[in-house]
Amino acid sequence: MEFAGLIGSVALLIWLALRGIDIVFAALICAMVVILTNDLPLAKSLTEYFATGPLGAFSFAGRFYLLFIAGAVFGRIMGESHAASSLAMALIRRLGAHRALLICTISCALLTYGGVVVFVVIFAIYPLGLKLLQESNIPKRLLLGAIALGSGTFTLTALPGTPSIHNVISASALGTDLFAAPWLGLIGAVLMFSFGMLYLERERVKAEAAGEGFVPGPRDDIAAAGAEGPPLPPWPLALLPLVFVIGTILMPRLLKGVDLGSGVPASILQFASAQPVLWPSMALFVGSAIAIALFPAVRRHGLSVAGRGTQDAIMPLINTAAVIGFGGVVTQTSGFADFTTLVLNSDLPPLLSAFFSVSLVSAITGSASGGLQIFMQSMAPAYLEMGIAPEVLHRVTTMASGGVDSLPHCGAVVAMLTITQLTHRQAYKDVGIITVVFPVLATLIVIGLVALGL
């Protein structure tokens, strides 16, 4: 009964999400299914496991609310100031409109590999991506696919040295470093990127042939470009706020290991390194202030524009938090513990068993980092005893965590859909193929190479 309730609740949440049911309501219903079928204490489950526990909805919202607001404000100001339009037009003139998806993917990849968290990447790239797709007349659903490819696949789990939380979790648990099994990571990254770009380009061509073009969302405020629209700021000027934000966020990593003495610069660097959420939030707020000062289109009404940006952050934050809360309830069940034990004791080859273990735990919780953390705490020692090299286990399980976690109930997927104002029905097919199918395929190929001794 417990196991059936666990799997049934995940299936129900996916079904409700695909049907367009409000994700907050759906997550609460499915959490109740888990609670009732697993005989969990009702009050503690709703007030602690779902709401305020380590994986609780309000715990997540409390940690990330400032980041969501700062990112939404920056995105709104960059959009209404026409700075995003200016940058998009400059890129199109130099690279061609048909490369809009490649531009978005590479931009997201550079930010993510530089240590920028996924939510910041979405907010920073969204206004630029909107204008790129508008000028290229590419369906908006493919923008979500490009963002997912650049920020949620190879840069998070495969590329050696990536500072993502997934890579850090594996390194901390196994005593390896962020560059563990570099060739395996590079091969996996190349496969994910190649598969993803080939798919996006194929979909772009198919959409063009079918007459499917760009349609903005109800809250997308994209100014027209050219003679009929407002004058655009020069692209070097439009680039300044974005450069400031990215440079500020990356500063702790760029200066890591540099001896700055004991003055104010050293104190700032120490503060930045210790605040992975607050520091980028501050960078985004200051970047927004710089944009307001630079661009006349928002200078007189800067506070109003920022206020509208704040409203843009509310639903993405609440929706994502609700799904995280559901995962918090799931991890407390005996069915979840029995499930992890069952997978661990299977007769599969050790590396393949590890792949399935971390994949399925991540799928149930809807979180790559959460699934990987649980795997490292409860299962990794057993796989090391089976003879898997720590570096190989590091890379394979890190890559595996970023595959089946991205089912429709994944918090990051819900956030991307809400921010871009798209539904699961409109955009999840592309996101699912890029963030589930291709990473799983790439990881299995890497496992095959290890089995062959390559």
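The values are calculated or read from the model by the stated rules, or taken from the named source; none is laboratory data. Because the structure is predicted, anything quoted here is derived from the model rather than measured. We place every Cβ from the backbone using ideal geometry, glycine too, and count neighbours over all the protein chains shown. Ligands, DNA and RNA are excluded from the accessible area calculation, which covers all protein heavy atoms including side chains. Shrake-Rupley method; radii C 1.70, N 1.55, O 1.52, S 1.80 Å.
Every residue, every condition in (1) of a type in the set (A, V, I, L, M); (2) over 19 Å from Asp312 (Cα atoms), yes or no:
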site	(1), (2)
Val24	yes, no
Asp39	no, yes
Thr52	no, yes
Phe64	no, no
Leu101	yes, yes
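Restricting region 304-339 to residues that are of a type in the set (Ser, Thr, Tyr) and open to solvent by 20 Å² or more (accessible area, probe 1.4 Å), which is nearest to Ser281 (Cα to Cα)? Once the filter is applied, the top-ranked residue is Thr310. Taking region 179-195 as the range and being open to solvent by less than 50 Å² (accessible area, probe 1.4 Å) and within 22 Å of Ser151 (Cβ to Cβ) as the test, the residues that pass are Ala180, Leu184, Gly185, Gly188, Ala189, Leu191, Met192, Ser194.
Does Ala72 satisfy being among the small types (Gly, Ala, Ser) and either within 23 Å of Ala283 (Cα to Cα) or touching a residue at least 12 places away in the same chain (Cβ under 8 Å) (or both)? Give the steps one after another, and end with the answer.
Details: among the small types (Gly, Ala, Ser): yes; either within 23 Å of Ala283 (Cα to Cα) or touching a residue at least 12 places away in the same chain (Cβ under 8 Å) (or both): yes.
In short, yes.
Could you say whether any residue in region 284-292 is among the polar types (S, T, N, Q) and out of contact with any Pro (no Cβ under 9 Å at 6 or more places or on another chain)? Among the residues of region 284-292, not one is among the polar types (S, T, N, Q) and out of contact with any Pro (no Cβ under 9 Å at 6 or more places or on another chain), which makes the answer no. Among the candidates Val446, Val396, Val404, Val440, the residue that is in contact with a Lys or Arg (Cβ under 8 Å, 6 or more places away or on another chain) and within 19 Å of Thr157 (Cα to Cα) is uniquely Val446.
State yes or no: is Ser59 under 24 Å from Tyr199 (Cβ atoms) and open to solvent by 10 Å² or more (accessible area, probe 1.4 Å)? No: the conditions fail for Ser59. Summed over region 71-89, the residues that are of a type in the set (A, V, I, L, M, F, W, C) and either at pLDDT 85 or above or not in a helix (DSSP H, G or I) (or both) give a count of 2. Selection of helices (runs of 4 or more DSSP H) fully inside region 128-182 by the criterion of at least 2 residues being under 15 Å from Asp220 (Cβ atoms) returns 140-152.
This table checks each residue for (1) closer than 18 Å to Lys131 by Cβ; (2) among the β-branched types (Val, Ile, Thr); (3) open to solvent by 20 Å² or more (accessible area, probe 1.4 Å).
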| site | (1), (2), (3) |
| --- | --- |
| Ala70 | no, no, no |
| Phe74 | yes, no, no |
| Glu80 | yes, no, yes |
| Ser86 | yes, no, no |
| Ile92 | yes, yes, yes |
| Ala100 | yes, no, no |
| Thr105 | yes, yes, no |
| Leu110 | no, no, yes |
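Considering (1) at positive phi; (2) of a type in the set (A, V, I, L, M, F, W, C); (3) free of Cβ contacts under 8 Å to residues at least 12 places away in the same chain, the lone condition that Ala209 does not fulfil carries the number (1). Residues that are crowded, with 21+ Cβ neighbours inside 10 Å and more than 15 Å from Thr418 (Cα to Cα) within region 131-141 comprise Lys131, Leu132, Leu133, Gln134, Ser136, Ile138, Pro139, listed in sequence order.
Please go through region 341-360 and pick out each residue that is part of a helix (DSSP H, G or I), farther than 18 Å from Gly185 by Cβ and not aliphatic (A, V, I, L, M).
Thr341, Pro350, Ser353, Phe356, Ser357
Restricting attention to region 361-392, the residues that are part of a helix (DSSP H, G or I) and either open to solvent by 20 Å² or more (accessible area, probe 1.4 Å) or acidic (Asp, Glu) (or both) add up to 12. Within region 292-311, is there a residue that is among the aliphatic types (A, V, I, L, M) and either at pLDDT below 85 or touching a Gly at 6+ places or on another chain (Cβ under 6 Å) (or both)? Scanning region 292-311, I find at least one residue that is among the aliphatic types (A, V, I, L, M) and either at pLDDT below 85 or touching a Gly at 6+ places or on another chain (Cβ under 6 Å) (or both), so the answer is yes. Considering only residues in region 14-55 that are buried (at least 21 other Cβ atoms within 10 Å of the Cβ) and at pLDDT below 85, the one that is nearest to Phe336 (Cα to Cα) turns out to be Leu55.
Say whether the condition of being farther than 23 Å from Val215 by Cα and small (Gly, Ala, Ser) is met by at least one residue in region 425-443.
yes
Out of Val215, Val277, which single residue is open to solvent by 30 Å² or more (accessible area, probe 1.4 Å), at pLDDT below 75 and more than 20 Å from Gly302 (Cα to Cα)?
Val277
Can you pull out every residue in region 45-69 that is over 18 Å from Val414 (Cβ atoms), of a type in the set (Ser, Thr, Tyr) and in contact (Cβ under 8 Å) with a residue 60 or more places away in the chain? Result: Ser45, Tyr49.
Return a yes/no flag: does region 393-407 have any residue that is open to solvent by 40 Å² or more (accessible area, probe 1.4 Å) and in a helix (DSSP H, G or I). No - not one qualifying residue is present in region 393-407.
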